[in-house]
């Protein structure tokens, strides 16, 4: 399998393009690629293109594109994940695994029990970092669609946004399991809300329900905030997506 590189621009046969500095460093310094070596370019919008290296230095790589073609189809299920931010590398893990599982959009959220507080330019740096994590996950997993990383949002503001589709909030104390949704008419759009390490407060859970979210649990065990989206997204793709 050729090394996959993301390039967010139209792929035109015969065009020569300069890759980003991070991609160039990866090819030149980490993978030790040479002139003429093949790579696969994808644009994050469902298109792929075989290419070969025409110029390479330590931090600059150019490739020539061959005929573009359609990549893997996206899941028929459009999933928007609202994830309350967690400390350390847990959010990186969530973004990586959610991307591998075919999520369409990720919105990092703040809530009453959220322990992450970002100010000024740190917020944008985090969004840029998580977008890079998502791109790397696409390069590794073979996905041809890069999910959108939305700006950090207050939970109350996110709940108030218009959404046409099925809305789900994970709550360990909920009576109904997510697997009980097998009898539901297959949706094409789903919003999934997952709380922080300490969970959503009672008032936040009530607000989610008032906004049309259905409270569900994933089984008898309480899952970590970074584990819950992996299980939930896997089940949703199995029920209505491309698993």
Relative to the first principal axis of the alpha-carbon coordinates of the chain, what is the inclination of helix 90-100, with its axis defined by its Cα atoms, in degrees from 0 to 90 and to the nearest 10?
-> 70 degrees
Between 179, 99, 225, find the one with the highest GNM mean-square fluctuation for the chain; connect C-alpha pairs within less than 10 Å.
-> 179
What is the extension gain from residue 12 to residue 131, computed as 0.36 nm multiplied by their sequence separation minus the C-alpha to C-alpha distance, in nm to one decimal?
-> 40.4 nm
Acute angle (nearest 10 degrees) that the helix 121-141 long axis makes with the longest principal axis of the chain, alpha-carbon atoms | 70 degrees
Which residue, 201, 111, 143, tops the fluctuation ranking in a GNM of the chain built on C-alpha contacts under 10 Å?
-> 201
Listed highest first by mean packing, meaning other Cβ atoms within 10 Å per residue, what order do 8-20, 75-87 come in?
-> 75-87, 8-20
Simple spin-label model, 7 Å along Cα-to-Cβ: residue 74 to residue 157 in nm?
-> 2.4 nm
0 to 90° range, to nearest 10: angle between helix 228-240 axis and the chain longest Cα axis | 80 degrees
Stretched out fully, how many nm does the piece from residue 188 to residue 54 gain, at 0.36 nm a residue minus the Cα gap?
-> 44.0 nm
Cα shape, the stretch 176-243, gyration tensor, a/c 1.5 rule | oblate
Could you sort 207-217, 25-35 so that the peptide with the highest average Cβ count within 10 Å comes first and the rest follow in order?
-> 207-217, 25-35
What distance in nm separates the simple spin-label points at residue 117 and residue 20, each placed 7 Å from Cα in the Cβ direction?
-> 3.1 nm
To the nearest 0.05, what FRET efficiency results for residue 34 and residue 141 with a Förster distance of 25 Å applied to their C-beta separation?
-> 0.45
Of 40, 100, 89, the most mobile residue in a GNM of the chain (C-alpha springs, cutoff 10 Å) is 89
Note down the nm distance, to one decimal, between modelled labels 7 Å out along Cα→Cβ at residue 234 and at residue 210.
-> 3.6 nm
Looking at the square roots a ≥ b ≥ c of the eigenvalues of the Cα gyration tensor of the stretch 7-83, which shape do they give, rounded for a/c under 1.5, prolate if a/b is larger than b/c, or oblate?
-> oblate
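The numbers here are math on the coordinates, done by the rules we state, and not lab data. Just so we're clear, the structure is a prediction, and the values are computed from it rather than from any experiment. Methodologically, a virtual Cβ is constructed for each residue, glycine included, from the backbone with ideal geometry; neighbour enumeration extends over all protein chains shown.
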